[in-house]
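Shown next, in structure tokens, is the structure this report addresses.
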Amino acid sequence: MKPSSVLLLMTAILLAVGLQAAHLPAAWLFGPLVASALFAVRDWQATELPRPVYIAAQAVIGTALGAGFSPSTLLTLPRHFAIFAFAVVFILLTSLLNGWILTRYTRLDVATAFLGTMPGGAGEMAAMSDSLKADTRLVVIMQYTRLLLILASLAFIAPLLTHLSHPVSSAHPATALAVTPAPPFAWWKLVALGLLACLGWLTGMRTRIPAGTFLIPTVLYFLLEISGVSLGRWPWPLFAAAYLVMGLQIGGRFHPSTIEAIKDILLPVCGTTLLLLSGSCALAWILTRELKLDPVSAYLAATPGGLDSVAAVATELQGDTAIILTVHLVRLMCVLIAGPWLVRGCAKWLGRVTNPEGVPS
């Protein structure tokens, strides 16, 4: 192992331990992420883990998401369909507003601005960029810059919301600030968890199911739970290792050229992201009132962050993952299906508005 890799790993672990001592959520995700991004931007060590390793880390976390489902949530979803639809449309419209602001006040073309603000994932938005003639590099940079800001908000807002949580009319369990060590359990439970993780890994490696690495083991875990089979959770060291891998991989996607490429649009991107987070807070307040949801779960459902990062935080905080995943998965599907049409429509409309003669701007 290279000396720079050893130094990166040590820095990541020290940051994770420090954040955990400060009682910040998902410390073993955020600490390595910050360390990896810093090393990558400074050109000290660009982390690019093998895809099977990254998928395996996601699968380990996905097996624990099912523990957050509760039978009462299954009754909540159909009764409050309008609220879920509103939550998805609200974030989509707020993201489109951000794209319009960037188009109006920066030199970004319409396709790049809107794909950079869409609440999907950087990979999905990058895949759309070529067909929509957007600047793929800027789209990815904008997506990851926004992701870092959203993750930072999760790190600081989640503990605040936890302290502000009140037990009155809350039908869901209170969240925890840190992963509690799993109690001893029989070896067959560990084997069953391993099989679920393997299924999630195979789904992520062999299929294109959106968030299938999380979704498949989560659903299977939940089905076992309602059947009376309790599997418990992974041992804490394995959880920490999975978070560590995810953090290193996400942070390693930044490069020295990132700063130069985004220098002219950094402030507008940060400003629109803060606007989006303000909308998320408002939406979380609505979900708390209408669904009687605890504030942390409501904010995780409302945040426009990437599904993998939000799922990791939800797992550690033991939020109501049924509602969180439902909102994020439906929103992701809407973006994947309607995203290209929305971008093309906005490009044509804004082209007519800003240039009546029809000359491409």
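Since every read-out is calculated from the coordinates, none of them should be taken as a lab result. As the structure is a prediction and not an experimental result, all values here were calculated from the model. Every residue, glycine as well, gets a Cβ built from its backbone with ideal geometry; the counts of neighbours run over all protein chains shown.
Neighbour counts of other C-beta atoms within 10 Å: give me ILE150, ILE91 arranged from fewest to most.
Working: ILE150 22, ILE91 25.
By the 10 Å Cβ count, ascending: ILE150, ILE91.
Taking 0.36 nm per intervening residue step and subtracting the Cα-Cα distance, what contour gain separates ALA85 from ARG208 on full extension?
So the chain would gain 41.8 nm between ALA85 and ARG208.
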Subject >> Loop trypsin sites (Lys or Arg not before Pro), segment 193-242, which have at most 11 other Cβ atoms in a 10 Å radius of their Cβ (DSSP) >> reply: ARG208
Subject >> Peptides ranked, highest mean first, by Cβ atoms within 10 Å: ranges 216-226, 320-330 >> reply: 320-330, 216-226
Original post:
For labels at LEU238 and LEU195 in the simple 7 Å Cα→Cβ model, what's the distance in nm?
Top reply: 1.4 nm
**OP:** Could you pull out every one of the lysines with an alpha carbon less than 19 Å from that of LYS348, ignoring same-chain neighbours closer than 8 positions?
**Re:** LYS133
